[in-house]
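As structure tokens, the structure follows; a few thoughts come after it.
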Ligand code: SF4
Ligand code: SF4
């Protein structure tokens, strides 16, 4: 019966569509940056969308990476510089993809950006002093605290506002001498032919580790926390004994 049915089928028609030579990469960690670098080097325009206000994901937290034994920050810096050097990279920090429309090869992407810091920032730190929001510093795996507005050794090298914890109270805006903070949310619409989703991973839920004593003693740590303590730019400048 199937053979008889197949004899009556019409052949599939082949259609061709143009492809916009632009890519949208979601995720600014090592996977997203590697994709962005390779695409930009091959002549494609790339829109790189990262949820955090800085690039690099988890890699800049690492003290030494096999086999080069470079720090994670050094590896990320090389990746970013080679992608930026092509002149084909647009970076959207503190941003998320709000909507995707279109079809294969021709997508319309809406990017929502909460990158509140502008180029006017001169690094005076007055905003950090007045910010009332203090949270666990996720870059240091909760071993230290930071404000909702903060600075750390990642790219771009500037003050960041964490849109996840900022309450939009406006205290930093009042304290900022050059008026470098703009607390508005902006949207951008970009056309692209391909989407790369490189959103990384989350470490295991630390709640599961409570039964092993995590949180009850300073000496009980996750592997990620040990890595931060080993880092020469970490909370103890690389000296674990300073922690316990
Ligand atoms: S607006 Fe956000 S970053 Fe600025 S002071 Fe308030 S909580 Fe802190
Ligand atoms: S945002 Fe304003 S107050 Fe904060 S470091 Fe930059 S210039 Fe100084």
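The values are calculated or read from the model by the stated rules, or taken from the named source; none is laboratory data. Just so we're clear, the structure is a prediction, and the values are computed from it rather than from any experiment. Reconstructed Cβ throughout: ideal geometry from the backbone, glycine too, with neighbour counts over all protein chains shown.
Could you look through segment 158-184, keep only residues that are in contact with a strand residue (DSSP E or B) (Cβ under 8 Å, 6 or more places away or on another chain) and more than 16 Å from residue 119 (Cα to Cα), and pick out the one that is farthest from ligand 2 (Cβ to nearest atom)?
Per the criteria, the residue is 165.
Identify, please: which residue in segment 41-63 is in contact (Cβ under 8 Å) with a residue 12 or more places away in the chain and over 16 Å from the mean Cα position of the chain (by Cα) and is, among those, nearest to residue 115 (Cα to Cα)?
Step one: filter segment 41-63 for residues in contact (Cβ under 8 Å) with a residue 12 or more places away in the chain, giving 41, 43-63.
Of the ones still in play, those that are also over 16 Å from the mean Cα position of the chain (by Cα) are 41, 43-45, 63.
On the way: 41: 26, 43: 27, 44: 24, 45: 21, 63: 28 Å.
In this case the residue turns out to be 45.
Just checking, how many residues over segment 28-49 are under 20 Å from residue 191 (Cβ atoms) and touching a strand residue (DSSP E or B) at 6+ places or on another chain (Cβ under 7 Å)?
Going through segment 28-49, the residues under 20 Å from residue 191 (Cβ atoms) turn out to be 32, 35-36, 39-40, 42-49.
Going one step further and asking which of them are touching a strand residue (DSSP E or B) at 6+ places or on another chain (Cβ under 7 Å), we end up with 32, 35-36, 39-40, 44-49.
Residues flagged as under 20 Å from residue 191 (Cβ atoms) and touching a strand residue (DSSP E or B) at 6+ places or on another chain (Cβ under 7 Å) within segment 28-49 amount to 11.
Out of 70, 63, 95, I need the residue that is surrounded by 15 or more Cβ atoms within 10 Å (Cβ to Cβ), modelled with pLDDT of 95 or more and within 28 Å of residue 224 (Cβ to Cβ). Which one?
Details: 70 fails: modelled with pLDDT of 95 or more; 63 fails: modelled with pLDDT of 95 or more.
Answer to the check: 95.
Residue-by-condition table, conditions (1) within 16 Å of ligand 2 (Cβ to nearest atom); (2) in contact with a helix residue (DSSP H, G or I) (Cβ under 6 Å, 6 or more places away or on another chain); (3) in contact (Cβ under 8 Å) with a residue 24 or more places away in the chain:
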| site | (1), (2), (3) |
| --- | --- |
| 71 | no, no, yes |
| 83 | no, yes, yes |
| 91 | no, no, yes |
| 121 | yes, no, yes |
